[in-house]
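Written below as structure tokens is the structure these notes are about.
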Amino acid sequence: MNRLPPLWLLTVWGALLVAVWPVVRDAQGSADGKAAAAASALNADALSQLKAAQWNRGIESAQRALLTRPDYEPAWQSLRWLLNAKVSAKPTPEFYQEQALSHYQAGRYRECVDSTKRALGLYPEYTKAFNLMSVCYVNLGMYDEAVAAAREAVRIEPDFQLARNNLSLALQRKATGVAPVQVTADNLLNASVLDYRNGRMQACVDDARAALRLNPGLAVAWNNIAACSNDLGRPDDAIAAATEALRLQPDFQLARNNLAVSQNLKSKQK
């Protein structure tokens, strides 16, 4: 029969646990702090390699940061930017398709068509490129071209239901002669967000400014400019944009964060 330890022994164990626990906790906190600092330093190196166009070195630093802190979101973002930059240095069909999607989100339908053509130049049977081209031609009011592109997508992939739907849409619009779609500030803002997620910082700024020309009161667009300007090493532009975002929306925490980053960056540059 198992017997419980004597009361005096339990008391001693309890006292030891109370004495040791703060040490264990502080050691764990110290280890977490060191891991966070190491991940931050490695991510800073990854960003510097991104600016220097040293893709492989930057990717290695970002991966090491994530080995140190798997939940460190800035390193994940840096890794996405580096991988995108590496691909864009030697474009693939998928790269041009992503570029086309960004143009489509912004309502730049002619540029979208150009990008899908580049994708098809590398992969002539890229059905998604033909399908997106068809949608853009519909929005441009170029219905014969839209029908031809959708038919090509369906020829290559007969079960491509979305292309079949777009073929029906193109034929319907051709019959009724619907006017082309107009670009909106929301289109451009969505494209700006997509640019940022894909590491296209200057494109993000350009799309955000285009959105602001249509609607100067978009605090999110000003914040996008601030975030990208920080990453591009332009703190003065970032400060001006974040300040405007906060003027429009005083409780905009992301803009406050970007303003703090830009002010810190400017002090370091000095």
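The values are calculated or read from the model by the stated rules, or taken from the named source; none is laboratory data. Note that the coordinates shown come from a computational prediction; the quantities given were computed from them, not determined experimentally. With ideal geometry, Cβ positions are generated from the backbone for all residues, glycine too; neighbour counts draw on all protein chains shown.
Observations, loosely collected:
- Number of positions in the stretch 89-133 that are surrounded by fewer than 23 Cβ atoms within 10 Å (Cβ to Cβ) and among the small types (Gly, Ala, Ser): 3
- In the stretch 48-65, the qualifying residues are those that are surrounded by fewer than 18 Cβ atoms within 10 Å (Cβ to Cβ) and modelled with pLDDT of 85 or more, and the one that is nearest to residue 202 (Cα to Cα) is 57.
- Selection of first residues in the stretch 46-73 that are closer than 21 Å to residue 90 by Cβ and of second residues that are not in a helix (DSSP H, G or I), restricted to Cβ pairs under 9 Å at least 6 apart or on distinct chains, gives the following pairs, ordered by first then second residue: 50/199; 51/232; 51/233; 58/52.
- Within the stretch 221-252, the set of residues being within 14 Å of residue 208 (Cβ to Cβ) and in contact (Cβ under 8 Å) with a residue 60 or more places away in the chain comprises just one member, 231.
- Qualifying residue in the stretch 205-212 (condition: within 22 Å of residue 80 (Cα to Cα), in contact (Cβ under 8 Å) with a residue 24 or more places away in the chain and under 15 Å from the mean Cα position of the chain (by Cα)): yes
- Filtered residues of the stretch 188-226 (kept if among the aliphatic types (A, V, I, L, M) and surrounded by fewer than 24 Cβ atoms within 10 Å (Cβ to Cβ)): 189, 193, 194, 201, 203, 210, 212, 214, 218, 219, 220
- Residue among 236, 231, 251, 207 that alone is acidic (Asp, Glu) and touching an Asp or Glu at 6+ places or on another chain (Cβ under 8 Å): 207
- Being part of a helix (DSSP H, G or I), of a type in the set (Lys, Arg) and either touching a residue at least 24 places away in the same chain (Cβ under 8 Å) or not assigned by TED's automatic domain parsing to the domain that holds residue 252 (or both) is a condition met by at least one residue of the stretch 172-179.
- Selection count where residues are free of Cβ contacts under 8 Å to residues at least 40 places away in the same chain, in a loop (DSSP other than H, G, I, E, B) and not basic (Lys, Arg), scope the stretch 86-114: 2
- Pairs are defined by a Cβ separation below 7 Å, a sequence spacing of at least 6 or placement on different chains, a first member in the stretch 123-149 that is part of a loop (DSSP other than H, G, I, E, B), and a second member that is crowded, with 24+ Cβ neighbours inside 10 Å and of a type in the set (A, V, I, L, M, F, W, C); the pairs so defined are 126/119.
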